[in-house]
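The structure appears below as structure tokens.
Quick note: the coordinates plus some simple rules give every number you see, no bench work behind them. What you see is a predicted model; the values in this text were computed from it and never measured. Counting neighbours? That spans all protein chains shown, and the Cβs are built from the backbone with ideal geometry, glycine included.
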Amino acid sequence: MPQPIFAGIDAIPFQGPESQNPLSFRFYDKNRVVRGKRMEEQLRVAVCYWHTFCGDGKDPFGDATFNRPWQGDGDKLELAKMKAAAAFEFFTKLGNPYYCFHDRDVAPEGKSLAESNDLLDRMVDVLAGLQQKTGVKLLWGTANLFSNPRFMSGASTNPDPEVFAYSAAQVKKALDVTQKLGGENYVLWGGREGYESLLNTDMKRELDQMGRFMNLVCEYKHKIGFKGPLLIEPKPREPTKHQYDYDSAAVYAFFQHYGLSKDDFKVNIENNHATLAGHTFEHEVAYAVANGIFGSIDMNRGDLLLGWDTDQFPNEAGEMALVLRHIVAAGGFTTGGFNFDAKVRRQSIDLADLFHAHIGGMDVLARALLIADKMIADGKLQGAIDARYKGWTGGLGKEILDKKLDLAGISDRVLKGNINPKPRSGQQEMLENLVNRYL
Ligand code: XUL
Ligand code: CO
């Protein structure tokens, strides 16, 4: 038996809202049934490899602060194996059903792509064994097309076709291993797919390149029979000044322009990316649901006073309840889930801090789910919306939508019927008060 890495921490129990034990769940009760599904199935929580096990506490001004047992000097493959052992010990103790990774999170990069692929294969065997042993599953895999300097001017949008080709080859491999590990989705986040300056950028050409890239990935997904959707993750900026996948609406326009079907492509929405784009998280989710492109969530939060992607753990159940309302009312996740794309602060150097962060995040989601359930079950909120749009379900509104009237016909209706609409209250404050009653 190898020594536990998170020694002194046992499986995190559910102990109810009154629990004073910081290493217990107060709301995340995985078997509690909410809207016909177990909480675990509703939330489909994933822990991300990159922040939780690769993060070292560096920031632009300071060095690493974490110094985990699997970090530091030594044989890179051996360290990667220790990191995998730590990751699965953590998952087992926390009790999350899923995890997510980038290719370069789980295995070191080699001197050539062939060598990197070989190292990745060796780690995939290790991960497959650990998945088998623990029952933890892969929510999604992805390729890191942003850290290495070769991607500094973009991956698929690079002015150099060799970088496009390298990126394509890397995604092919990452999709292969995601499939091998039973991954339920494949994510594409284009951190460098944008520009720093239009002075040196041919925007049309770059967008066409990215359109070609996504079509190639989609063809390959069908070729190998990968069942899950391809999820594009919008973000407006950082690291680039402007990222083409700015928000869900920009991504949806991109899908349509380049012939990418909703059956194959959806979005992976991240809370703080939404805020950076000048939207609420709720807006991004509602937009994606409304347009049939909702896929999965990267769960985190930003900081009101900091204009960058701080990737903190969520801590506002009321705010999350409004988001969960949209997801649950639309039938819930299919292949997606809540992946914590979040990291502990660089002063949170203890291994136990990783548990506190995830316990808090899972409890916030669980509580939000319970609040959303009350909102939906009560029906008052939806009732108010239905009443507001009632005019469209019959009479004039229905005739317009059913194309029974052209513009002149509508004009006749208004003139002959002496239509003179009266303003009606939007009742915002009343609805805000109603929402507060569920909290
Ligand atoms: C970066 C980000 C990524 C993606 C996966 O802001 O969110 O970690 O989630 O590449
Ligand atoms: Co993310």
Quiz item: How big is Rg to Rh over segment 397-438, alpha-carbon atoms, Rh as the Kirkwood inverse-mean-distance radius?
Solution: 1.29
Quiz item: Mean Kyte-Doolittle of at least 0.0 and a Cα length of 15 Å or more along the axis: which whole DSSP H helices of the chain meet both?
Solution: 76-94, 317-329, 351-378
Quiz prompt | Full-extension gain in nm, L304 to V289, via 0.36 nm per residue minus C-alpha separation | solution = 2.8 nm
Quiz item: How much length is gained on full extension from K204 to D160, taking 0.36 nm per residue of separation minus their Cα-Cα distance?
Solution: 14.3 nm
Quiz prompt | Diffusion coefficient, µm² s⁻¹, Stokes-Einstein with Kirkwood Rh over alpha-carbon pairs of segment 33-378 at 4 °C and 1.567 mPa s | solution = 63 µm²/s
Self-check item: Charged-residue dipole, Cβ positions (Lys, Arg, Asp, Glu), segment 306-355 about Cα centre, Debye nearest 20
Solution: 80 debye
Self-check item: Flagged links, alpha-carbon separation over 21 Å, of K204/K241; K180/K223; K133/K173; K30/K221
Solution: K133/K173; K30/K221
Exercise. Would you mind ranking W308, W140, W50 by Cβ crowding within 10 Å, fewest neighbours first?
Key: W308, W50, W140
Self-check item: Neighbour cut-off at most 14 other Cβ (10 Å), DSSP loop, trypsin sites (Lys or Arg not before Pro), segment 66-111
Solution: K111
Quiz item: When a footprinting reagent is the concern and you count Cβ atoms within 10 Å, what order do M362, M375, M320 take, fewest first?
Solution: M375, M320, M362
Exercise. Treat each spin label as a single point 7 Å out from the Cα along the C-beta direction, and report the K380 to E219 distance in nm.
Key: 5.6 nm
Quiz item: Using mean Cβ contacts within 10 Å as the protection proxy, how do 167-175, 30-38 order, highest first?
Solution: 167-175, 30-38
Quiz item: Given that compact globular proteins tend to follow 2.2 N^0.38 Å, what is the ratio of the alpha-carbon Rg of segment 189-256 to that value?
Solution: 1.19
Exercise. Could you list F91, F66 in order of exposure, starting from the residue whose Cβ has the fewest other Cβ atoms within 10 Å?
Key: F66, F91
Quiz item: How many nm is it between the label spots at L405 and A387, if each spot is 7 Å from the Cα in line with the beta carbon?
Solution: 2.5 nm
